[in-house]
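Read through the structure below, which is laid out as structure tokens, and then see the notes.
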Amino acid sequence: MALLQNILTQAFITVIAVCGVYVLTGLTGMFSLGQAAFMAIGSYASGLLVIKAGIPVPVAILIAVVLAMVVGYLIGYPVVRLRRDYISLVTLGFGEAIAALLNRMTTLTGGASGLTGIPRCIGLEVATISAVAAIALVAFFKTSKYGRQCIALRGDELAAKAMGINVTKIKMIAFILSVALTSYSGCLYSFYMSYVDPSGFGWKKSADWVIMVFFGGVNSLTGSTLGAFILSALPQFLRDLQNYRYVIYAVLVILIINFKPSGLLGEWELTIGNIKKSIRRIGRKNQKEER
């Protein structure tokens, strides 16, 4: 039971971070290989505020998320004006710089040994509620004016500009929202694990999140959420196959990308309207079979 709770808690924390990546990649079409750096900022900032300054956990989390958003604004302001491939390179460099900085600031962050002494005060309940709230927030953003503009510029940036959309502003809004969600997941991670170290926030984690989005469906929030849940929990369930679990993980991802390029759910979303359509379709199919 304890193992299952641990797997579910970490999966829900990952879902929050992947929601942020979905806003950036799924809605806006930007690729970032430095998102894990914002998770690191949230983790370390909230942990240090509690350990060093004695600030209450909720206040520390709020300050850490705001700090990450400020850093995100400073990084994003020049980055969103670049072409999509250059955005990946710049964010990759930023992520590696943050990891190197955390390794060198030994007196403050513990360096490669990590930051210890963080109180463990986050459990499955908080992680679940936070994940549901993050999904609801992104779903609301997707259907809002800004979300529709994000989808428009993802399809054709020049056409979006011609329609009067402020592309830089929309990209910036999406980038900041993505940073907020990712840093919040980092806060939850630190207060659940009670220990963080720089090795857990490299570019590989950012790449894993992008893979999860494509695995579930880059155009579907439901698919991205499902992909995050499956791919974050799967290696944990395959612990008995220690030597083969990542091989199985890789094969599963390759199969999905090759045989279903649009992801598990494609563009399908879990909405009341789509559920009704699916029920009607199944009903019609059963009627035809009976005839």
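The values are calculated or read from the model by the stated rules, or taken from the named source; none is laboratory data. Owing to the predicted nature of the structure, the values given are computational and were not obtained by experimental measurement. Counting neighbours? That spans all protein chains shown, and the Cβs are built from the backbone with ideal geometry, glycine included. All accessible areas refer to the heavy atoms of the entire protein, side chains included, with ligands and DNA or RNA removed. Shrake-Rupley method; radii C 1.70, N 1.55, O 1.52, S 1.80 Å.
The set of residues from region 154-172 being crowded, with 20+ Cβ neighbours inside 10 Å and out of contact with any Ser or Thr (no Cβ under 7 Å at 6 or more places or on another chain) comprises just one member, 170.
Counting only helices (runs of 4 or more DSSP H) that fall entirely inside region 106-172 and contain at least 2 residues that are in contact (Cβ under 8 Å) with a residue 12 or more places away in the chain, the qualifying elements are 106-109, 124-143, 145-155. A count restricted to region 268-291 and to residues that are open to solvent by 60 Å² or more (accessible area, probe 1.4 Å) and either assigned to a helix (DSSP H, G or I) or modelled with pLDDT of 75 or more (or both) stands at 15.
Filtering 144, 183 for residues that are under 19 Å from residue 22 (Cα atoms), out of contact with any Ser or Thr (no Cβ under 6 Å at 6 or more places or on another chain) and crowded, with 19+ Cβ neighbours inside 10 Å leaves a single hit, 183. Note on region 65-107: residues that are over 18 Å from residue 183 (Cα atoms) and under 18 Å from the mean Cα position of the chain (by Cα) amount to 2. Every condition in (1) over 17 Å from residue 210 (Cα atoms); (2) part of a helix (DSSP H, G or I); (3) open to solvent by 10 Å² or more (accessible area, probe 1.4 Å) holds for residue 46 except the one numbered (3).
Screening region 76-92 for residues that are open to solvent by less than 40 Å² (accessible area, probe 1.4 Å) and either in contact with a Gly (Cβ under 7 Å, 6 or more places away or on another chain) or in a helix (DSSP H, G or I) (or both) and picking the one that is farthest from residue 36 (Cα to Cα) gives 79. Across region 249-264, the number of residues qualifying as part of a helix (DSSP H, G or I), open to solvent by 70 Å² or more (accessible area, probe 1.4 Å) and without any contact (Cβ under 8 Å) to a residue 40 or more places away in the chain comes to 5.
Can you find a residue that is in contact with a Cys (Cβ under 6 Å, 6 or more places away or on another chain) and either small (Gly, Ala, Ser) or touching a residue at least 12 places away in the same chain (Cβ under 8 Å) (or both) anywhere in region 214-225? So far as region 214-225 goes, no, none of its residues is in contact with a Cys (Cβ under 6 Å, 6 or more places away or on another chain) and either small (Gly, Ala, Ser) or touching a residue at least 12 places away in the same chain (Cβ under 8 Å) (or both).
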